[in-house]
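Engineer: After the structure tokens below, expect a handful of questions from me.
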Amino acid sequence: MLSPKINKILPVLLAYIVMGFVDIVGVSTGYAQRDFNLSPELAQLIPSMVFIWFFILSIPVGILQNNLGKRKILLAGIFITAMGMFTPFVYYSYPSLLLCFLLLGIGNTIIQVSSNPLLQDVVHRSRFSSFMSLSQFIKALSSLVGPLLVTFMVASYGDWKFVFLIYGFISIVSGGWLALTSIEETKPSCKASFKTSIGLLRSPLVTSMVIAIFLIVGLDVGMNTSIQNLLIQKFNVGLERASLGISIYFLALMISRFLGALVLVKVDNLKFLFWTSLSTVFCIGLLIFASTSTLALILIFSIGLSSGNLFPLIFSLTIDRLPQRANEISGLMIMAVVGGAVIPPLMGLVNKAAGISLSFVVLLVCALYVFLSYYLFKKF
């Protein structure tokens with residue numbers, strides 16, 4: 001029989017599997033473009049339906065969960081996700097697919113804002129960074145399985161949309177288990193409002209770390225979207241080998257987060273931030289000057305290994321300073337996920353003006369700021 005503590009932790013961790021469903025948007029866009037003969041502009045509306053909600057809803061969701069409770073809000077996010085997953089399976093059309101990803105974007109934003117503060121309530125304070133890394137590993141694993149599941153459904157049943165049915169049922173199981181689990185939540189120090197949430201930005205520490213999250217997500221998405229271009233444009237490798245670079249990067253992220261879950265409970269989290277961020281800076285700098293594709297692939301792996309825990313470290317260290325304001329801080333930080341939509345286009349502009357190698361200077365600047373955040377924690 002599982003211990004009472006584990007019984008509370010497992011349903012919260014299961015929510016991170018549901019969180020990973022959002023990454024199905026990548027493979028879905030390709031299938032939708034084929035099925036409905038969409039123009040590139042109409043196809044790109046699908047991911048837009050997802051990511052716009054991080055900017056719009058993150059702070060309001062943080063306020064709601066502060067006033068209504070984290071578990072209730074997380075449940076709402078999971079069941080909204082389930083509704084979205086069933087939509088295209090019931091009726092498949094371009095509008096219904098847009099509705100699917102609109103609901104998925106809303107649900108995922110809610111899950112991302114509420115899951116981390118709720119996880120803080122079910123684990124010991126000294127183990128929060130470790131469990132944050134474990135949760136990100138679970139999410140990454142869920143994201144990795146999605147495209148493989150689509151391939152299996154097409155090969156076995158001839159219909160990629162069965163993945164939505166599976167995701168819908170998993171969401172219901174996750175939400176049902178959490179609904180049956182009683183969790184004692186940390187009481188907020190004050191009633192939250194939009195004014196109090198934005199007011200947190202008057203804290204130099206909070207503002208600095210929200211910017212750090214913005215840049216960390218931008219660095220991650222920038223790596224993901226630029227690896228192929230780097231290998232093809234600089235080293236003239238084929239598309240298949242260039243795509244291998246993305247797989248190598250994601251594999252490194254998964255290994256990093258799994259190891260982080262084991263290591264962070266035993267080491268000083270602030271020192272770990274120092275060394276991993278410094279290593280990220282060093283590896284990106286070397287990647288800019290890499291002379292062979294093999295060396296570039298080694299450095300891409302090293303960057304994933306170094307940077308995999310930066311998000312959970314910044315998030316947990318900041319909340320550890322202001323645990324009573326965790327709901328509002330979570331809202332601000334998840335809003336900063338919009339960095340993933342800002343940094344890659346900026347890299348594209350530099351690439352067009354100065355070449356693919358120099359576009360990675362943008363990521364180097366991101367990593368340098370995250371490295372400096374170690375000293376900001378010391379200062380504030």
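Engineer: Which of (1) under 20 Å from the mean Cα position of the chain (by Cα); (2) farther than 21 Å from residue 255 by Cβ is the odd one out, the single condition residue 352 does not satisfy?
Structural biologist: It fails just one condition, (1).
Engineer: Take residue 257 and tell me if it is part of a helix (DSSP H, G or I) and either open to solvent by 50 Å² or more (accessible area, probe 1.4 Å) or within 14 Å of residue 219 (Cβ to Cβ) (or both). Walk me through how you get there before you give the answer.
Structural biologist: Details: part of a helix (DSSP H, G or I): yes; either open to solvent by 50 Å² or more (accessible area, probe 1.4 Å) or within 14 Å of residue 219 (Cβ to Cβ) (or both): no.
Criteria not met by residue 257.
Engineer: Going through 227, 198, 216, 211 one at a time, which residue ends up being more than 22 Å from residue 63 (Cβ to Cβ), in a helix (DSSP H, G or I), open to solvent by 10 Å² or more (accessible area, probe 1.4 Å) and aliphatic (A, V, I, L, M)? Lay out the reasoning, then the answer.
Structural biologist: Details: 227 fails: open to solvent by 10 Å² or more (accessible area, probe 1.4 Å); 198 fails: more than 22 Å from residue 63 (Cβ to Cβ); 211 fails: more than 22 Å from residue 63 (Cβ to Cβ).
Checking each option against the conditions leaves just 216.
Engineer: I need the full set of residues from the stretch 331-364 which are open to solvent by less than 60 Å² (accessible area, probe 1.4 Å) and out of contact with any helix residue (DSSP H, G or I) (no Cβ under 6 Å at 6 or more places or on another chain), in order please. I'd like the intermediate steps shown before the answer.
Structural biologist: Initial filter on the stretch 331-364 (open to solvent by less than 60 Å² (accessible area, probe 1.4 Å)): 331-340, 343-344, 347-348, 350-351, 354-357, 359-364.
Answer for the stretch 331-364, where residues must be open to solvent by less than 60 Å² (accessible area, probe 1.4 Å) and out of contact with any helix residue (DSSP H, G or I) (no Cβ under 6 Å at 6 or more places or on another chain): 348, 354, 355, 361.
Engineer: Given (1) among the hydroxyl-bearing types (Ser, Thr, Tyr); (2) more than 20 Å from residue 253 (Cα to Cα); (3) open to solvent by less than 60 Å² (accessible area, probe 1.4 Å), where does residue 306 come up short, assuming only one miss?
Structural biologist: So residue 306 meets the others, but not (2).
Engineer: Another question, if that's okay. Only one of 290, 252, 367, 326 is in contact with a Phe, Trp or Tyr (Cβ under 6 Å, 6 or more places away or on another chain) and either surrounded by 16 or more Cβ atoms within 10 Å (Cβ to Cβ) or in contact (Cβ under 8 Å) with a residue 24 or more places away in the chain (or both). Can you tell me which? Write out each step before concluding.
Structural biologist: Values: 290 fails: in contact with a Phe, Trp or Tyr (Cβ under 6 Å, 6 or more places away or on another chain); 367 fails: in contact with a Phe, Trp or Tyr (Cβ under 6 Å, 6 or more places away or on another chain); 326 fails: in contact with a Phe, Trp or Tyr (Cβ under 6 Å, 6 or more places away or on another chain).
Going through 290, 252, 367, 326 in turn, just one is in contact with a Phe, Trp or Tyr (Cβ under 6 Å, 6 or more places away or on another chain) and either surrounded by 16 or more Cβ atoms within 10 Å (Cβ to Cβ) or in contact (Cβ under 8 Å) with a residue 24 or more places away in the chain (or both): 252.
Engineer: Exactly one condition in (1) open to solvent by 10 Å² or more (accessible area, probe 1.4 Å); (2) under 15 Å from residue 212 (Cβ atoms); (3) of a type in the set (Phe, Trp, Tyr) is false for residue 315; which is it?
Structural biologist: All conditions pass for residue 315, except number (1).
Engineer: Any residue in the stretch 260-270 that is of a type in the set (D, E, K, R), in a helix (DSSP H, G or I) and farther than 28 Å from residue 357 by Cβ? It would help to see each step written out before you state the result.
Structural biologist: Applying the first criterion (of a type in the set (D, E, K, R)) to the stretch 260-270 yields 266, 268.
Those still in the list that are in a helix (DSSP H, G or I) too: none.
Scanning the stretch 260-270 turns up no residue that is of a type in the set (D, E, K, R), in a helix (DSSP H, G or I) and farther than 28 Å from residue 357 by Cβ.
Engineer: Scan the stretch 59-70 and report the pairs whose first residue is within 16 Å of residue 106 (Cβ to Cβ) and whose second residue is open to solvent by 10 Å² or more (accessible area, probe 1.4 Å) and among the basic types (Lys, Arg), with Cβ atoms within less than 7 Å and a gap of 6+ or a chain change.
Structural biologist: No pair meets every condition.
Engineer: Hey, which of the helices (runs of 4 or more DSSP H) in the stretch 274-349, taking only ones fully inside, have at least 3 residues that are over 30 Å from residue 70 (Cα atoms)? Please lay out each step first, then the result.
Structural biologist: Working: elements: 293-307, 310-321, 326-335.
Output list reads 293-307.
Engineer: Considering only residues that are modelled with pLDDT of 85 or more and either assigned to a helix (DSSP H, G or I) or not aliphatic (A, V, I, L, M) (or both), which ones fall in the stretch 230-253? So that I can check it myself, show each step before the final result.
Structural biologist: Pass one, the stretch 230-253, residues modelled with pLDDT of 85 or more: 230-237, 248-249, 251-253.
Passing the criteria: 230, 231, 232, 233, 234, 235, 236, 248, 249, 251, 252, 253.
Engineer: Does any residue of the stretch 354-372 turn out to be more than 21 Å from residue 307 (Cβ to Cβ), out of contact with any strand residue (DSSP E or B) (no Cβ under 9 Å at 6 or more places or on another chain) and modelled with pLDDT under 95?
Structural biologist: yes
Engineer: Right, next: Restricting to the stretch 15-28, and then to whatever is hydrophobic (A, V, I, L, M, F, W, C) and surrounded by fewer than 21 Cβ atoms within 10 Å (Cβ to Cβ), can you tell me which residue is modelled with the lowest pLDDT? If you could, list the steps in order and put the result at the bottom.
Structural biologist: Filtering the stretch 15-28 for residues hydrophobic (A, V, I, L, M, F, W, C) gives 15, 17-19, 21-22, 24-25, 27.
Next, from what is left, pick out any that are surrounded by fewer than 21 Cβ atoms within 10 Å (Cβ to Cβ): 17, 27.
Values: 17: 95, 27: 72.
By that ranking, first place goes to 27.
Engineer: Residue 374 is checked against (1) farther than 23 Å from residue 207 by Cα; (2) open to solvent by less than 40 Å² (accessible area, probe 1.4 Å); (3) not β-branched (Val, Ile, Thr) and fails just one. What number does that condition carry?
Structural biologist: (1)
The values are calculated or read from the model by the stated rules, or taken from the named source; none is laboratory data. Every value quoted in this text rests on a predicted model; they were computed, and no experiment measured them. Heads up, the Cβs are rebuilt from the backbone with ideal geometry, glycines too, and the neighbour counts pull from every protein chain shown. Side chains are part of the model used for accessible areas, which takes the heavy atoms of the whole protein and leaves out ligands, DNA and RNA. Shrake-Rupley method; radii C 1.70, N 1.55, O 1.52, S 1.80 Å.
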